[in-house]
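S.K.: Attaching a single structure in C-alpha cells format; questions to follow.
Since every read-out is calculated from the coordinates, none of them should be taken as a lab result. Computed from a prediction, not measured in an experiment: that's the story for all the values here. Positions of Cβ are generated from backbone atoms using ideal geometry, with glycine treated the same way; all protein chains shown enter the neighbour counts.
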Amino acid sequence: MGVPVRVWPRAPLMVNPFIISDKNFKSLKIKKAVEKKIKSYSLIKSNLIIVIGGDGFMLQTLKKYNKYKKPFYGINSGNYGFLMNKFSEKTNYKNLNKGRLVSISPLEMIVKSKTNSVKKSIAINEISVLRQSRQTASLTISNGKKQIIKHLISDGVLVSTPAGSTAYNLSVHGPILSIDSKKLSICPISAFRPRRWKGKIVSDKSKIVIKNLNPKKRPISAVADNIEVRNAKSISIKTNKQIKFNLIFDKNRSLQNKIKIEQLRNDIK
C-alpha cells in the first residue's frame with residue numbers, strides 16, 4: 001500500500017475545523033476544551049475535520065465524511081489511539097497545517113454469500129474472515145491465478161494493511177508492516193492445519209480471493225473493520241487506490257513513528 005507522507009501545504013494558513021466527538025464523557029470534555037481554543041465551523045465551510053474519540057470512532061468518521069475531501073486530525077480519548085494524536089492543553093490548534101499528512105488507501109472487499117448475493121465494503125485496518133459456528137473454517141486462498149494455500153483449516157484468516165498491522169493483525173502474531181512498504185499481510189487465525197503456516201506478505205497490488213470450501217457445514221463471515229457479512233462463500237480483496245484518507249499527525253507522533261515503536265517493542269519481546 002503506497003502511503004505518501006508530506007507536510008500539509010502551507011497555503012491555507014487559517015485552520016477552520018469542523019469538530020466532531022464520540023458521545024462518551026471523556027470525548028465531550030476534550031471537545032469542550034478544544035472549542036475554547038478554536039472555533040468550530042460547519043462541515044461545508046471547514047477545511048479540516050477534528051475527530052475526538054478512539055480508533056473505532058475515527059474509522060467510522062473517516063468512512064462517513066471522506067466524501068467531503070478534507071483532511072482529518074484525530075485527538076485520542078480512547079486507549080492506544082493508533083490513528084489519533086495525544087490530547088494536550090498546550091496544543092495550538094491554529095497551527096495544525098504544520099503537521100505531517102499521511103494518505104492511506106483502504107482495502108476493498110467484495111463478498112458473495114451462499115445465496116449468491118453480493119456486498120461490497122472497505123477497510124482501513126483489516127479484513128477478517130472468521131468461522132461463525134463451532135466448526136473451524138475450511139478455506140483456500142489465492143492471489144490472482146497463483147494459489148497461496150490450497151487448504152487452510154483455522155478459526156479464520158486476516159488480511160491487513162500497514163496501518164492496521166499493529167492492531168488485530170499483531171494480536172494474531174502477524175508481521176508489523178512499515179507504512180510505506182506497499183505490502184499487505186495475510187495471517188491465519190489459530191491455524192489447525194497446516195499448523196506451521198504463518199501466513200504471507202504480498203504486494204498491495206495483489207488481488208486476494210478467499211473461498212469457503214464447505215459453506216454448508218462450515219459457515220464463515222467476512223468483516224471489513226466493523227462491517228460484517230455473514231454466510232460468505234467467496235471474498236475478493238484488493239487495495240482501492242482511487243480512495244484516499246488523509247490524516248494529519250503531530251510532527252513527533254507520526255504514523256510512521258508509531259509503527260517503528262511497535263516494531264521495536266516486538267523485537268525486544
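S.K.: Let me know the whole percent of all Cα-Cα pairs from the range 61-181 that are separated by more than 21 Å.
M.R.: The calculated P(r) of the range 61-181 puts 55 percent of pairs beyond 21 Å.
S.K.: For the chain, what's the relative contact order in percent, using C-alpha pairs closer than 8 Å and at least 6 residues apart?
M.R.: 23 percent
S.K.: Taking only Cα atoms and a 10 Å spring cutoff, compute GNM fluctuations for the chain and point out the largest among 169, 226, 125.
M.R.: 226
S.K.: Also, I was wondering about something else. If I take every Cα pair under 8 Å that is 6 or more residues apart in the range 107-239, average their sequence separation and divide by the length, what percent do I get for the relative contact order?
M.R.: Relative contact order here is 33 percent.
S.K.: How far, in nm, would the chain grow between residue 42 and residue 242 when pulled straight, counting 0.36 nm per residue and subtracting the alpha carbon separation?
M.R.: Fully extending the segment from residue 42 to residue 242 adds 69.3 nm.
S.K.: Any idea what the dipole of the chain comes to, in debye rounded to 20, about its Cα centre with Lys/Arg Cβ at +1 and Asp/Glu Cβ at -1?
M.R.: The calculation lands at about 480 debye.
S.K.: Hand me the tally of lysine pairs in the range 47-104: alpha carbons under 21 angstrom apart, and the pair either on different chains or 8 or more positions apart.
M.R.: 8
S.K.: How many nm is it between the label spots at residue 70 and residue 214, if each spot is 7 Å from the Cα in line with the beta carbon?
M.R.: In this crude spin-label approximation the distance works out to 5.2 nm.
S.K.: If you don't mind, there's one more thing I want to ask. Based on the alpha carbons, how large is the Rg to Rh ratio for the chain when Rh follows Kirkwood?
M.R.: Ratio of gyration radius to Kirkwood radius for the chain: 1.01.
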